[in-house]
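J.: Encoded as structure tokens, here's the structure I'll be asking about.
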Number of protein chains: 2
Amino acid sequence: MPTPAIILVRPQLAMNIGMAARAMANFALDDLRLVAPRDGWPNPDAGPAAAGADDVLARAQVHPGVDEALADAQLTFATTVRPRDSGHEVITPREAARRMRAAAASGLRSAILFGPERAGLTADDIAGVGTIITCPVNPRFGSLNLAQAVLLVAYEWFQADPPAPAPPGPAAVAASHGEIAGLAAHVEEALERAGYFHVPERTPATLRTLRRLWQRAAFTPEDVRTLRGIVRALEEGPRRRG
Amino acid sequence: MPTPAIILVRPQLAMNIGMAARAMANFALDDLRLVAPRDGWPNPDAGPAAAGADDVLARAQVHPGVDEALADAQLTFATTVRPRDSGHEVITPREAARRMRAAAASGLRSAILFGPERAGLTADDIAGVGTIITCPVNPRFGSLNLAQAVLLVAYEWFQADPPAPAPPGPAAVAASHGEIAGLAAHVEEALERAGYFHVPERTPATLRTLRRLWQRAAFTPEDVRTLRGIVRALEEGPRRRG
């Protein structure tokens, strides 16, 4: 059964990577991924803070970007301190844990993005994930640090009951983040060539909107192949006519 | 509505007191109590770690012992890393939060003991509390630090729904920890004078057993007064006869 991947995006302090690893190990998570850690990896400052969670650190993988870190996950989340106006569904760590357990029982992999210590995740980091996790906190004092946020999500995963077995029969298989991201990139390149992005200021927002659209659609791998075929056909069309 | 008191017993590092205050403030708890902090109080190392939870630190009270810190609470808990053979009921942070919410809705105060960083709570610290809280963790890696343990208990308190209103009618009022501790001390002194503790090696275990007994009995304040009257009468009896 796949366990959720914890993805630290551009973490600043190696000590916090160690503390996140410790939080994970307490709740039986061991798939730690780092996107562009500021001070490089491996880093000797992580070990002492891990307090014995050395296996988690040793297995940690480094990825150049968020899409690469999420690539093999079918169920993707991003944690934010407060909900943003990004069009995502926003749920609690408890509800996320319930969904991750259900996904794991069907053999699907979950992954959760955690932003850098001060700035948090950017709109672009978030655009391609399925759902936002926001922990309910005191509205007058919300100040969870990186390792605490990891701790609460990992704790809820460990607490969540395994779901009832799924009814027999063929289940729809969700496309992985990598397949969705591949489709998104394919469409974006095609649109670029087609001159779709003629107002450069609007391009970033348009790209995020498209990413949300693909994410929400809950495509299967077959859907993705079909859609990429359509994009190819549309692009080739004028050449045939020309 | 009274909110639960967080009691740090013999904390070693002021930084951890600050981090515990931060964890509390995130989940709207502000009643921090310190039993014999190793490095004294107030302590300048606590502030930076509190990350803005200065009100919690400013309001923190110092007590010489566990009984004094628990005195005004009717519902008392102690946190331990693993269950001990102390005869207490052992529950999860989630169940504890449910009970604390129910108690608060009846106007009763809860308090939770957290032990020192390395050693944890002693058998004597625990003897007088009602219930043990143990967080379910990975059996192969259980390593929650002090502030993390506070965070999880505070988080569950904040998450727990307020209970349904109690049915109308007179509710039995639980005796406070101070009333129970007063009864226990009264009985112990009387037994001491009566020569009950004639095998000194057994005295500490006997005292813990008696404390458990009073705690389990769920006495009302009226019960406590009645029992103390009985103890006085028994002690005075021989004098009258003499």
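J.: Would you pick out the residues in the range B:5-51 that are of a type in the set (Lys, Arg) and not in a helix (DSSP H, G or I)? It would help to see each step written out before you state the result.
T.: Within the range B:5-51, the first condition is being of a type in the set (Lys, Arg), and the residues that meet it are B:10, B:22, B:33, B:38.
Scanning the range B:5-51 gives B:Arg10, B:Arg33, B:Arg38.
J.: Out of all the residues in the range A:31-50, is one or more acidic (Asp, Glu), under 14 Å from the mean Cα position of the chain (by Cα) and under 24 Å from A:Arg101 (Cβ atoms)?
T.: yes
J.: Filter the range A:185-233 down to residues that are in contact with a Gly (Cβ under 9 Å, 6 or more places away or on another chain) and β-branched (Val, Ile, Thr), then give me how many there are.
T.: Adding up the residues that qualify gives 2.
J.: Any residue at all in the range A:192-207 that's of a type outside the set (Ser, Thr, Tyr), surrounded by 15 or more Cβ atoms within 10 Å (Cβ to Cβ) and part of a helix (DSSP H, G or I)?
T.: Yes, some residue in the range A:192-207 is of a type outside the set (Ser, Thr, Tyr), surrounded by 15 or more Cβ atoms within 10 Å (Cβ to Cβ) and part of a helix (DSSP H, G or I).
J.: Let me ask something additional. In this structure, is A:Glu89 acidic (Asp, Glu), within 14 Å of chain B (Cβ to nearest Cβ) and under 24 Å from A:Ala160 (Cα atoms)?
T.: Spelling it out, it is not the case that A:Glu89 is acidic (Asp, Glu), within 14 Å of chain B (Cβ to nearest Cβ) and under 24 Å from A:Ala160 (Cα atoms).
J.: Enumerate the strands (runs of 3 or more DSSP E) found wholly within the range B:79-188, keeping only those where 2 or more residues are open to solvent by less than 50 Å² (accessible area, probe 1.4 Å). Don't jump to the end; show me each part of the working.
T.: Numbers: elements: B:89-91, B:110-114, B:131-133.
In the range B:79-188, B:110-114, B:131-133 are the strands (runs of 3 or more DSSP E) which contain 2 or more residues that are open to solvent by less than 50 Å² (accessible area, probe 1.4 Å).
J.: While we're on this one: Can you work out which of the residues in the range A:150-186 that are among the small types (Gly, Ala, Ser) and under 23 Å from A:Ala21 (Cα atoms) is modelled with the lowest pLDDT?
T.: Just the residues of the range A:150-186 that are among the small types (Gly, Ala, Ser), to begin with: A:154, A:160, A:164, A:166, A:169, A:171-172, A:174-176, A:178, A:181-182, A:184-185.
Now drop any that are not under 23 Å from A:Ala21 (Cα atoms), which leaves A:154, A:160.
Working: A:Ala154: 98, A:Ala160: 94.
The residue in question is A:Ala160.
J.: So in the range B:212-234, with the set limited to residues that are open to solvent by 50 Å² or more (accessible area, probe 1.4 Å) and among the charged types (D, E, K, R), which one is nearest to B:Thr76 (Cα to Cα)?
T.: B:Arg216
J.: Name the residue, out of B:Arg82, B:Arg59, B:Arg94, that is without any contact (Cβ under 8 Å) to a residue 60 or more places away in the chain and of a type outside the set (Gly, Ala, Ser). Steps first, please.
T.: Working: B:Arg82 fails: without any contact (Cβ under 8 Å) to a residue 60 or more places away in the chain; B:Arg94 fails: without any contact (Cβ under 8 Å) to a residue 60 or more places away in the chain.
Being without any contact (Cβ under 8 Å) to a residue 60 or more places away in the chain and of a type outside the set (Gly, Ala, Ser) holds for just one of B:Arg82, B:Arg59, B:Arg94, which is B:Arg59.
J.: B:Ala73 - would you say it is among the hydrophobic types (A, V, I, L, M, F, W, C) and either under 29 Å from B:Pro162 (Cβ atoms) or modelled with pLDDT of 95 or more (or both)?
T.: When the stated conditions are applied, B:Ala73 passes them.
J.: Additional query: Of everything in the range B:21-54 that's exposed (fewer than 15 other Cβ atoms within 10 Å of the Cβ) and touching an Asp or Glu at 6+ places or on another chain (Cβ under 9 Å), which residue is nearest to the other protein chains (Cβ to nearest Cβ)?
T.: B:Asp45
J.: Could you please find all residues in the range A:134-149 being facing chain B (nearest Cβ under 7 Å) and over 14 Å from B:Met19 (Cα atoms)?
T.: The answer is A:Pro136, A:Val137, A:Asn138.
J.: For the range A:61-78, which residues satisfy the criterion of being among the aliphatic types (A, V, I, L, M) and buried (at least 21 other Cβ atoms within 10 Å of the Cβ)? Lay out the reasoning, then the answer.
T.: Quick first cut of the range A:61-78, residues among the aliphatic types (A, V, I, L, M) only: A:62, A:66, A:69-71, A:73, A:75, A:78.
Within the range A:61-78, A:Val66, A:Ala69, A:Leu70, A:Ala73, A:Leu75, A:Ala78 qualify.
J.: Starting from the range B:134-160, take each residue that is without any contact (Cβ under 8 Å) to a residue 60 or more places away in the chain and list its partners that are among the aromatic types (Phe, Trp, Tyr), counting only C-beta distances under 7 angstrom and pairs at least six apart or across chains.
T.: The qualifying pairs are B:Pro136/A:Phe158; B:Val137/A:Phe27; B:Asn138/A:Phe27; B:Leu152/A:Tyr155.
J.: I'd like to know if the range B:125-132 contains one or more residues that are on the phi < 0 side of the Ramachandran plot, in contact (Cβ under 8 Å) with a residue 40 or more places away in the chain and over 18 Å from the mean Cα position of the chain (by Cα).
T.: There is no residue in the range B:125-132 that is on the phi < 0 side of the Ramachandran plot, in contact (Cβ under 8 Å) with a residue 40 or more places away in the chain and over 18 Å from the mean Cα position of the chain (by Cα).
J.: Look through A:Arg109, A:Arg94 and report the one residue that is touching an Asp or Glu at 6+ places or on another chain (Cβ under 7 Å), more than 21 Å from A:Thr209 (Cβ to Cβ) and more than 14 Å from chain B (Cβ to nearest Cβ).
T.: Answer to the selection: A:Arg109.
J.: A follow-up question, please. Hey, does the range A:55-65 have a residue that's more than 14 Å from chain B (Cβ to nearest Cβ), in contact with a helix residue (DSSP H, G or I) (Cβ under 7 Å, 6 or more places away or on another chain) and more than 24 Å from A:Gln159 (Cβ to Cβ)?
T.: yes
A quick yes/no check of all residues on (1) within 27 Å of B:Val137 (Cβ to Cβ); (2) small (Gly, Ala, Ser):
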position: A:Ile17; (1), (2): yes, no
position: A:Asp30; (1), (2): yes, no
position: A:Pro64; (1), (2): no, no
position: A:Ala73; (1), (2): yes, yes
position: A:Val81; (1), (2): yes, no
position: A:Leu113; (1), (2): yes, no
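J.: Do we find that B:Asn16 is modelled with pLDDT of 95 or more, over 29 Å from B:Asp161 (Cβ atoms) and within 14 Å of chain A (Cβ to nearest Cβ) in this structure?
T.: yes
The values are calculated or read from the model by the stated rules, or taken from the named source; none is laboratory data. The structure presented is a predicted model; accordingly, all values stated were derived computationally and were not measured. All Cβ positions, even for glycine, are placed from backbone atoms using ideal geometry, and neighbour counts span all protein chains on display. Surface areas here come from the heavy atoms of the whole protein model, side chains and all, with no ligands, DNA or RNA. Shrake-Rupley method; radii C 1.70, N 1.55, O 1.52, S 1.80 Å.
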